[in-house]
Amino acid sequence: MIFFLMPMFLFCTDTTDTDIHALIQTRRSIRKYKQEEISLVILKQICDDARFTPSPGNLQPWEFLIIHGRESTNNVFDHLEWLGGAPENSKTPVAYIVLLMSKERSNEWSCLACLGACCQNILLSAWSYGIGSCWIGSINNQKTLKKILKIPERLNIFSIIALGYPAEKPIVEESADSIRPYRDASRKMHVPKKPLEDILHINYYESKE
């Protein structure tokens, strides 16, 4: 099912050529990006998709801050930590979506859970446009970054999603041992995934040991 947003109405139409499984399984965390601008229209649509995330009591405890333009993205980049090392200057993100949440709800598990789901919707919506993303929670000096971005005191940064058209293609591999992503000698990212049979149980829990 695909939904098209029109003024004042939400229409639904069936489609048989949209493969949600492929969208989910081919999405990877991207840490190197082409320096190709993403349309603000697309960035807004990604946020529009994300706002339909389910939330406890329909609280919708999120706000979205789009960051684009070289000067603005540089301000964010300087405050982020990257698994496997930060991308070189010629391959940095061209946009970010900063996911904000109310400070007073920052310790409520149900709200944190739905914000995680909201992040996943951002990642999937971006990938539907061929836009790579990286969900980043390691933020250096959030207080300073909030001042730079003029984020009010009542809000915290939950996560930052880095965005850009991919300049790399991470390799997925099944592994029952180490699950830490790594870069090989040619600097390609490898992403180990646990085999389904090691983590799937049906009707009752069965020890895999």
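The values are calculated or read from the model by the stated rules, or taken from the named source; none is laboratory data. If you're wondering where the values come from, they're calculated on a predicted model, not measured in any experiment. Here the Cβ positions follow ideal geometry from the backbone for every residue, glycine too, while neighbour counts run over all protein chains shown.
Look at residue 147 and say whether it is part of a helix (DSSP H, G or I), among the basic types (Lys, Arg) and either touching a Gly at 6+ places or on another chain (Cβ under 7 Å) or at pLDDT 95 or above (or both). Here the answer is yes, as residue 147 does meet what is asked. When the residues of region 172-198 are filtered to those that are loosely packed, with under 10 Cβ neighbours inside 10 Å and not charged (D, E, K, R), the one that is farthest from residue 32 (Cα to Cα) is 196. For first residues located in region 126-148 and β-branched (Val, Ile, Thr), partners that are assigned to a helix (DSSP H, G or I) and lie 6+ apart or on another chain with Cβ distances below 6 Å form the pairs 148/75. Within the bounds of region 153-163, is there any residue that is touching a residue at least 24 places away in the same chain (Cβ under 8 Å), basic (Lys, Arg) and either touching a helix residue (DSSP H, G or I) at 6+ places or on another chain (Cβ under 9 Å) or within 15 Å of residue 60 (Cα to Cα) (or both)? Yes, that holds for at least one residue. Screening the candidates 159, 175, 125, 133 for the property of being modelled with pLDDT under 95 and of a type in the set (Ser, Thr, Tyr) yields one hit, 175.
Checked against the criteria, residue 160 does not count as surrounded by 15 or more Cβ atoms within 10 Å (Cβ to Cβ) and in a loop (DSSP other than H, G, I, E, B). Let me confirm something: among 61, 54, 87, which residue is surrounded by fewer than 14 Cβ atoms within 10 Å (Cβ to Cβ), over 13 Å from the mean Cα position of the chain (by Cα) and not in a strand (DSSP E or B)? Answer to the selection: 54. Tell me whether region 93-115 contains one or more residues that are loosely packed, with under 15 Cβ neighbours inside 10 Å and closer than 30 Å to residue 36 by Cβ. Within region 93-115, not a single residue is loosely packed, with under 15 Cβ neighbours inside 10 Å and closer than 30 Å to residue 36 by Cβ.
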